[in-house]
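Novice: Handing you this structure, nothing more for now.
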Amino acid sequence: MALPIREVTKEEMLKRVALFKDLVPSKIPLIDAVLPEFQREIFSIIGGGVMEDAEVVPPITAVEGFHLSIVKCAAGKGTGLHNHRTVEVFIPLTGRWSIHWGSNAENEVILGPYDVASVPISVMRGFRNVSDEEGLLLVVVGGTDPGQVEWTGDVLSAVQKKGFGFNEDGKITQVRPPRHDN
């Protein structure tokens, strides 16, 4: 059975267009980014995904089964080990990226430009730019409501020492000045 054809005006369509040159990245998109090894920028493009930055307003808000963003980070940087209730797809646009998974990140695959990895629901995962220069990684998070990220205890402990936590909406907040005991 053929789908009915829908007519869309230019004005309606322009609400579904995001020009990369106009995007403003989040510098602390998720709580782990307060730690030096996980510093990165995320350009949220379609939907907010699992972003923990309350300031993020994606240019395309029509979420129809997935969220899309681009991660930009320096060589050696990435994300802390985490889990969420959605499939997460990684596609390097530039550079080489380690996609690791397992309770202790004991598994790894290295991806180059346009390679694809799809991490299943409820699997601990992370990624790291293993290139010698800054890289871009396209990330697609499945689902209309992907929920909140679940971080490993060591990530949460480290960010708490830096004085960060979450507000009642699950967004990043500075809860106290950082501790300098480590």
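Taken together, the values in this text are just the output of simple stated rules run on the coordinates, not laboratory data. Since the structure is predicted, the reported quantities are computational estimates derived from the model, not experimental observations. Cβ placement follows ideal geometry from the backbone for every residue including glycine, while neighbour counts extend to all protein chains displayed.
Novice: Of the lysine pairs in the chain, how many meet both conditions: Cα atoms under 26 Å apart, and a spacing of 8 or more in sequence or different chains?
Specialist: Number of lysine pairs found: 19.
Novice: Using only the alpha-carbon atoms of the chain, report the extent along each of the three principal axes, biggest first, to the nearest angstrom.
Specialist: Sorted largest first, the three principal extents are 62, 35, 32 Å.
Novice: Among bridges DSSP assigns within the stretch 28-170, what percent are antiparallel (round to 5)?
Specialist: In the stretch 28-170, approximately 95 percent of DSSP beta bridges are antiparallel ones.
Novice: Here's something else I'd like to know. Which one, Glu150, Glu55, Glu11, has the greatest fluctuation when you compute a Gaussian network model over the chain with C-alpha springs under 10 angstrom?
Specialist: Maximum among the listed residues: Glu11.
Novice: Considering the chain as a Gaussian network with a 10 Å cut-off on Cα pairs, which listed residue, Arg16, Arg128, Arg40, attains the greatest mean-square fluctuation?
Specialist: Ranking Arg16, Arg128, Arg40 by mean-square fluctuation puts Arg16 first.
Novice: Report the far tail of the P(r) of the stretch 50-125, meaning the percent of Cα-Cα pairs longer than 19 Å.
Specialist: Value for the stretch 50-125: 42 percent of Cα pairs lie more than 19 Å apart.
Novice: Among Ala33, Ala74, Ala62, which one shows the highest mean-square fluctuation when the chain is modelled as a Gaussian network with alpha-carbon springs under 10 Å?
Specialist: Of the options given, Ala62 has the highest mean-square fluctuation.
Novice: Rank the residues Met124, Met13, Met1, Met51 as a footprinting-exposure proxy: fewest other Cβ atoms within 10 Å of their Cβ go first.
Specialist: Fewest to most other Cβ atoms nearby, the residues stand as Met1, Met13, Met124, Met51.
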